[in-house]
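Rule-based calculations on the coordinates, nothing more; no lab input. Source: prediction; values computed, not measured. Cβ placement follows ideal geometry from the backbone for every residue including glycine, while neighbour counts extend to all protein chains displayed.
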Amino acid sequence: MADAPAIHISELVVGFGKKTILDQLDLDVRQGEILGLVGASGGGKSVLMRTLVGLLPKRSGEIAFAADDDGRDDRRWGILFQQGALFSALTARQNIQLPLREKARLSPQLLDEIADAKLEMVGLTRDDGNKFPSELSGGMTKRVALARALALDPALLFLDEPTSGLDPIAAGEFDALIRTLHRTLRFTVFMVTHDLNSLQAVCDRVAALADGRIAAIGPLSAVLASEHPWVKAYFHGARAQMLGLGR
Ligand SMILES: Nc1ncnc2c1ncn2[C@@H]1O[C@H](COP(=O)(O)OP(=O)(O)O)[C@@H](O)[C@H]1O
Ligand SMILES: [Mg+2]
């Protein structure tokens with residue numbers, strides 16, 4: 001089963017009312033890879049992610065998660081949402097503990113120990129754990145949201161535009177953090193991003209969503225070379241830029 005994809009998606013259809021957002025979408029997310037998803041705004045990237053984690057219903061099609069070593073359906077996932085990252089009335093530490101409180105009955109001491117370990121993993125301190133979201137910078141907020149996504153030691157990590165709104169330095173640091181954590185923890189990452197630097201520096205493969213389907217998928221270089229009209233248009237400037245970078 002080593003080659004079974006982490007997520008196998010076939011002929012997935014998702015829509016609202018008369019609108020079809022995902023239309024017979026096929027996609028395999030490989031075990032242990034970092035897959036980047038690009039697509040037009042409003043094209044259904046977040047809808048796809050929310051459908052995969054069971055927050056939105058599908059109309060038809062199949063979504064299968066790889067079984068883990070114990071033969072269970074592997075649904076241990078963490079998600080960093082595009083919006084509404086943290087609860088403003090809770091400290092960073094309490095935000096990180098939320099998934100743990102929902103899933104497991106742990107002593108307050110253990111909850112604190114786990115939260116502090118996660119804070120450290122994302123490059124923050126115990127002191128930062130006492131801060132409220134209003135006291136955190138954009139980069140720190142994303143890190144706390146990442147720590148929360150990691151609370152249950154997920155096999156699968158969903159990141160919805162994690163570096164949008166960050167300055168280039170903070171975005172680069174976040175990318176490096178994802179890479180480091182991935183190297184250490186070996187989880188599978190499914191990441192929506194428009195950030196060309198992230199696609200290049202972090203992602204093993206890139207998938208392009210257009211017209212409700214995956215229009216191109218593969219290494220960034222292969223997707224850049226795609227002849228699909230939308231993909232071509234999307235990467236128009238990027239192609240030239242990448243060629244320049246390659247020199
Ligand atoms: N809960 C919902 N109810 C109705 N329409 C929705 C809902 N969620 C998303 N949509 C619509 O689905 C489309 C895709 O949205 P989304 O996945 O958020 O796009 P993006 O690719 O920018 O993440 C948009 O037209 C959006 O308005
Ligand atoms: Mg979105």
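Compared with the dominant Cα axis of the chain, that is its longest principal axis, helix 92-103 is turned about 80°. Annotation note: GluC sites (Glu not before Pro) in segment 113-144 located in DSSP loop regions with a Cβ neighbour count of at most 14 within 10 Å are absent.
Extension gain, LEU185-SER41: 0.36 nm per intervening residue step, less the Cα-Cα distance, totals 48.7 nm. Taking only the alpha carbons of segment 137-187, we obtain Rg and Dmax values of 10.7, 29 Å in that order.
In summary, the lysines within cross-link reach of LYS142, defined as a Cα separation below 28 angstrom excluding same-chain residues under 8 places away, comprise LYS45, LYS103, LYS118, LYS131.
Could you give the angle, 0 to 90 degrees to the nearest 10, between helix 168-185's Cα long axis and the longest principal axis of the Cα atoms of the chain? Between helix and principal axis, roughly 80 degrees. For the options ILE34, ILE169, ILE63, a Gaussian network treatment of the chain with springs between C-alpha atoms closer than 10 Å singles out ILE169 as fluctuating the most.
Computed from label points 7 Å out along Cα-Cβ, the spacing between VAL13 and HIS236 is 3.3 nm.
In this rough spin-label picture, where each label sits 7 Å from Cα along the Cβ direction, the GLU113-THR20 distance is 5.3 nm.
Comparing ALA115, ALA147, ALA201 in a Gaussian network model of the chain (Cα springs below 10 Å), the most mobile by mean-square fluctuation is ALA201.
Given 20 °C and 1.002 mPa s, compute D for segment 1-160 with the Stokes-Einstein relation, Rh being the Kirkwood radius over Cα pairs; round to the nearest whole µm²/s. The diffusion coefficient I find is 125 µm²/s.
Going by the alpha-carbon gyration tensor, a ≥ b ≥ c the square roots of its eigenvalues, is segment 140-247 rounded (a/c under 1.5) or, if a/c is not under 1.5, prolate (a/b greater than b/c) versus oblate? Prolate shape, in that a/c is at least 1.5 and a/b is the bigger ratio. Rounded to the nearest 5, the antiparallel percentage of DSSP beta bridges internal to the chain is 50%.
Restricting the calculation to alpha carbons of segment 81-153 gives Rg and Dmax of 10.9, 31 angstrom.
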